[in-house]
Structure formats: C-alpha cells, structure tokens
Amino acid sequence: MNRQFLWAMMLFLLVISGYNQFVVLPRERAAKAAAEEQLKRAVNQNQSAVATVQGAAKPAKAAPSKPEELITFNWQDADVTFSSKGAGIKKYTYKDVVEDVDITPFSGEGYFATLPAVDFAESARTQDSITFTGDIVPGFSVSKTYRFAQNGLHTLSLAFANNTAHDITLEPWAFNFGPGLGTVKSEEGDNERESKAVYLVQYQGRKKATLETLKPKGDNPGVYSPAAERAKEKNAPEDEFNWIWAGVQNRYFLSVIIPQNWTPGELSANSHVIGEKDRLWGLFGKGEVKGPQMTVQMPSVTVEAKSQKEYNSEFYMGPKDYQELLALPYHLDRSIEFGFFGALGKIARRILETFFNWTGNYGVAIILLTVCLQVLMFPLTRMSLRSTAQMRKIGPETKRLQEKYKGNPEALNREMLNLYKKHGVNPLSGCLPMLIQLPIFLALYNALRTSWALHGAGFMLWITDLSSKDPYYVLPILMGAVMFFQQKGNLPPGTDPSQAAMFKYMPLIFTLLFMNFPSGLVLYWLTNSLISFGIQTVVNKQVAANK
C-alpha cells in the first residue's frame, strides 16, 4: 500500500466526515424538528374538539387537564396498556410463539384514541372488557368500552351522555391509528416499506372487495372521502364508496376499525418519523424511518338533553394469520397481499397446509410441495434441460458456422436453422418452460413470505423459524453450490468468455440475494435446484449417449 493511496483514503474519509457533520446532520435535525412540529399540530388539531351547549351564552369548557396515566389490561393473546388521554391503546404486546412483540412501540396518541384532550379514567372491568369514562364538559361525558373476544374480532363501544337540560353539539372528532406498527425482529429491516395505511371497499359490480392504500402526497395527507367519490359518480349507489374497514398494517400485523351503526366518513393518512437507521453503514449519518398514521374523521354530533348517542364498532388488532382471518367476517383476509399471481399463491398455501396436517412439520411440507410441483412440471423441465444439453452438444458446430459466416448474417441464420433441423433442436424450448415456472415461483415467494403460519415454525436443527433468514446461511450457501454445478454443466464448449463469466458469478449473486430471504423460501429453492440438477444429470447422459 503506497503513500499516495493512504493520503487519498485519508482525504476521502475527511470529506465524508465533513459532509456528514455540516450537511447531513443539520438536514436530519431540521427534518426531524419539522416532523415533530407536524405531529404536534395534528395532535392539537385532534384535541380542539369543543362541546357547545345549545342556547347557552358561551361554549362549555372542560376541566383543567391532568397528567397522563397508563392503565394495563391483560388478555389471553396480549398485554394491553391504555392511555388516560383519549383512552387509546398506547402499548399492545402480542404474546407471540417466538417472543412477545410490541406492535405499538412508537409514540403517539394511541390506537383507537378519541378526544385526547379528555381525561379518561377506568370505570369498570371484567375478565374480557374494560370501560373508561371522561367528562368533556360538566354534565356531558363520554365512555369507551373495549370488549375482547377469543376469535380476535373485538368490539369497541363509544357513548356520549348528555345529563344537562340543554342539547349539546360536539365538534368534529376522530379515531386515531398509528403512527406505524411494530413487528417481529426478523422483519424490522423491511418494516418501513411494509407499513401502510389501508382501507377495504366493496365496489359495485366487483366480485371481491378491493384493498386500497392511502398514501400521503408530498407534505399533504392522503385523503379518501366516500362523499367526494359519490359526487364524482352521480348515479353511484349510496354505499358504493363506503369503506368496510380501515387502519394500518405491515407484513405480519393488522389494526383496523369496522363501523357498525355509523356511516364511514373521510379517511386521512400522514407519514411521521418514528425512528432512525444507518445510511450506507453509517458513513452518511442516520436516516429517518417513517410510519403511516391514519385518522378516521367523524362529523359533529348533537346529543339532546337527558339522552345519549352511541357509536359501535368492531376492531381487529393482531397477526395476519390467513386461516384465522379467513374464518372471520369482513374480508379481513384481503389484508394479506399475494401479488399478481395471487390465485396460484392461495392454491399453494392450501396444499402446504394439507401437507403440514399430514407431517406436522412445515419444512417437510415445503419439500413435499416442491416435489409435487416438480412432478407436475417434469415434462417442461425435461424439455428445457434436453434443449440445453442439445445446444451444448452442437456447440462446436455452432461456433464453426459463426466463424465461417462472420460477415454474412443471412447465410449464418440459414445454416443455423439447417443445423437445428438436422439435430432436432428447438432453441425456444429451453426458454418457454422457465417462463411458465416464473409465475409459480413468484406466487410461492409471496405465499411463503407473508405466511404467519411459518413464523416460529421449525424445520430441523438450527432452522427454528422458517419465516426468518437462516442464521448460519447454510441453506443459501448450499443452494449457491448446487446452482454453480448446474451452470457449469450447462455451459457449451467454446462459450464466449463474457457469457461464461456471467454464468459463473450468477450463483454467487443468487447466494447473496437469498441470504436474507425467509429460510422457508430458500428451502423451496434449494429443493427445486437439487431435483432439477438430478434431472439434468440424467438428461445430459441420455443426450451424450445418443450419437
């Protein structure tokens, strides 16, 4: 290592350090301050609900605010902590099979929070329910009851009680969701990308409900208004654009509210800073991690004297277990995104569940599923590998023709076609089977990566969670080795050096790519590669013996 190189490295590190200190960090501080101010404005806006007494000289005022208190409720599936400010779920620790997961780790009002300026206090509790009550203004109170059910579909009742002699109008208020959802440790790196504000709509004329994502537009929130959508479609039925449920989700968890006796209103979603991450291994400082926050807008409500107004909802907060969600109403299973080839993914998942019921091991079930797919695809696989072997066999003749007709493309094409015809080779037959198998791979990829059933499911020895990466990278390395020998066996004699290099490094690229993939998916690809390699070995011998 010479002196010039050392000076260059020192200068490079000095420039990086200076750029990080005087450019990146100030930008990050400014962006963080702006995001905090935006969140503060959103909270203040939600806290500005005022109750007006009809016929009174002045609007009624609430009592001075008290410090926030946290109230804990233990349920069979989760430990839930509520906030006295809005009676929202501040902390929801799901009791996972691997380890407990806090799916609400980020600061905010709390999930299902309403009227955060109101001080709620616990007023009743049973084995499966908890009730909070707070005074909005003297004589006008609000109560919230959370009732938890064993099937995971819980209820939330919110009632405004007017005990005064006058009608009282409550200004527009809202249900809050977010910001963001937490997840299991193995998925934290992808959580920002997977976190979304979503809602489900059953459009007229469509067989299935449609899952929509609500995305902020620059600094402006993303907004969905059923009334505005109906205004665009003059002849649309009243309920065509009403959403069925709305909330936030990530790859493994879902939190949504489902209106019962009230008409769904406008939805809005913002993106808020919820954490930091290293940018380029920390060379460029810390980057922001953002999460979606959804607000379910509720219109003003007038409660007559000596009466009450109640809003009933159902809600779900927990894992996106496909089988469990499928058994529940409201199409909650639509929250699981199977991708473009979703129909194939659902079929593959049903077969996988069947094999698991037979074997009791998801790793074995994945292997059996792969074997079944290979049996189904055997004619196409054999056709592809046979074509590749034949092309390799006639490689020397192909190279001779290329050299002979180097300056005459028309003659070269004519002679190549004659050569293919002579040996019964169809070059396209090697590509077609791969194109047919691609949708199956993509469908399986989405089916396995979103499968909550694989979470915490062991296979053997060190593979204790098929939904997370192989901790020792044994499976991806084995897969890369099998791919290397496959590629080596498929290279025709006299292959162009640049093409040979590409085939040579492809197994390495795939190995690096698959290192962070779920081990269940790598197990599928490894099994698929081993079976293909076995078929390839047999086909190569058959083609070589056929003089």
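The values are calculated or read from the model by the stated rules, or taken from the named source; none is laboratory data. All figures in this text were calculated on a predicted structure; none of them were measured in a lab. Note: ideal-geometry Cβ built from the backbone for every residue, glycine included; neighbour counts use all protein chains shown.
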Q) Say we look at region 85-117 and pick out the residues that are of a type in the set (Ser, Thr, Tyr) and surrounded by 20 or more Cβ atoms within 10 Å (Cβ to Cβ); which of these is modelled with the lowest pLDDT? A) THR104
Q: Scan region 290-324 residue by residue and report those that are in a strand (DSSP E or B), farther than 20 Å from THR263 by Cβ and charged (D, E, K, R).
A: LYS290
Q. If only one of GLY247, GLY180 is small (Gly, Ala, Ser), surrounded by 15 or more Cβ atoms within 10 Å (Cβ to Cβ), touching a Ser or Thr at 6+ places or on another chain (Cβ under 8 Å) and in a loop (DSSP other than H, G, I, E, B), which one is it?
A. GLY180
Q) If you check GLU314 against the conditions, is it touching a residue at least 24 places away in the same chain (Cβ under 8 Å), under 27 Å from PRO221 (Cα atoms) and either exposed (fewer than 14 other Cβ atoms within 10 Å of the Cβ) or not small (Gly, Ala, Ser) (or both)? A) yes
Q. Got a number for residues in region 314-364 being among the aromatic types (Phe, Trp, Tyr) and more than 22 Å from LYS196 (Cα to Cα)?
A. 4
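Please state which one of GLU238, GLU266 is in contact with a Ser or Thr (Cβ under 6 Å, 6 or more places away or on another chain) and without any contact (Cβ under 8 Å) to a residue 60 or more places away in the chain.
After applying the criteria, what remains is GLU266.
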Q. Which of the residues belonging to region 213-243 are in a strand (DSSP E or B) and within 20 Å of MET298 (Cβ to Cβ)?
A. GLY222, VAL223, TYR224, TRP243
Q.
Test of understanding: among GLY218, GLY222, which residue is in contact (Cβ under 8 Å) with a residue 24 or more places away in the chain and either more than 30 Å from THR93 (Cα to Cα) or assigned by TED's automatic domain parsing to the domain that holds LEU332 (or both)?
A. GLY222
Q | Listing of helices (runs of 4 or more DSSP H) fully contained in region 453-547 that carry 3 or more residues being closer than 27 Å to LYS346 by Cα, modelled with pLDDT of 85 or more and among the hydroxyl-bearing types (Ser, Thr, Tyr) | A | 519-545
